[in-house]
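Take a look at the structure set out below.
The values are calculated or read from the model by the stated rules, or taken from the named source; none is laboratory data. On a predicted model such as this, the values are computed, not experimentally measured, just so you know. Cβ atoms come from the backbone with ideal geometry, glycine included; neighbour counts cover every protein chain shown. Remember, those area values only see protein heavy atoms, side chains included, never the ligands or the DNA or RNA. Shrake-Rupley method; radii C 1.70, N 1.55, O 1.52, S 1.80 Å.
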Amino acid sequence: IRSLGRDIGAALGTGATMSALERRAIGRFQIETASSLDQLTKDTIIQQLLPAVEAVEHLPRIFLSEELLREISFGRSFGGTLRENRHIAAGLAPDGRLAALIKRASEPNRLKAFRVFSGPPETGSES
């Protein structure tokens with residue numbers, strides 16, 4: 001929208017300034033269902049948070065095994081492909097959490113996490 005205002009001003013030869021812009025929705029997230037700042041306190045903020053996987057529900061999903069989670073947490077690529085028109089996928093941990101955002105690696109038929117949100121599963125320490 002900002003660029004539209006700029007382009008219209010340029011086409012008219014007058015320039016343009018936007019004095020206000022309010023985003024009312026992003027995907028399925030709408031301002032009417034958002035929490036107000038007054039509703040957020042240190043005691044309530046956790047209850048107001050949505051699972052991160054909801055923010056990427058429009059992306060294709062790749063279900064990651066515990067072993068793959070470990071590999072991507074070390075920055076390693078893994079075998080796989082994305083459809084031609086897709087550039088990013090959501091990598092989900094076995095429990096359904098968003099674990100990583102995944103893209104094509106530089107090697108053919110390989111994928112690589114470019115954002116990792118959780119590390120490898122914890123292993124019990126033996127004493």
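Some observations on this one:
- Length gained when the stretch residue 84-residue 7 is fully extended (0.36 nm per residue, less Cα-Cα span): 24.5 nm
- Among the chymotrypsin sites (Phe, Trp or Tyr not before Pro) within the range 9-107, those in coil by DSSP and having at most 12 neighbouring Cβ atoms inside 10 Å are 74.
- Fluctuation leader among 82, 92, 21 - the chain, Gaussian network, Cα springs under 10 angstrom: 21
- Between 0 and 90 degrees, the angle of helix 2-12 with respect to the longest Cα principal axis of the chain falls at about 30 degrees.
- Expressed as a whole percent, the accessible area of the chain that falls on carbon and sulfur atoms is 53 (1.4 Å probe).
- Cleavage-rule hits, GluC sites (Glu not before Pro), the range 67-118, DSSP coil, Cβ neighbours within 10 Å at most 10: 84
- Farthest toward the positive end of the dipole of the chain, out of 68, 12, 36, is the Cα of 12, where the dipole comes from beta carbon charges about the Cα centre.
- Qualifying trypsin sites (Lys or Arg not before Pro) in the range 45-114, DSSP loop, other Cβ atoms within 10 Å at most 10: 83
- Added length on full extension, which subtracts the Cα-Cα distance from 0.36 nm per residue, residue 50 to residue 20: 8.0 nm
- 11 Å beta-carbon shell around residue 94, net charge (K/R +1, D/E -1): -2
- Only the Cβ atoms of Lys and Arg (+1) and of Asp and Glu (-1) were treated as charged; on that basis the dipole of the chain about its Cα centre amounts to roughly 620 debye.
- Taking all pairs of distinct alpha-carbon atoms in the chain, Kirkwood radius in angstrom: 18.3
- Solvent exposure of the chain, expressed per residue, is 77 Å² of accessible area, with all protein chains present and a 1.4 angstrom probe.
- Most mobile of 13, 27, 91 in a GNM of the chain (Cα contacts under 10 Å): 13
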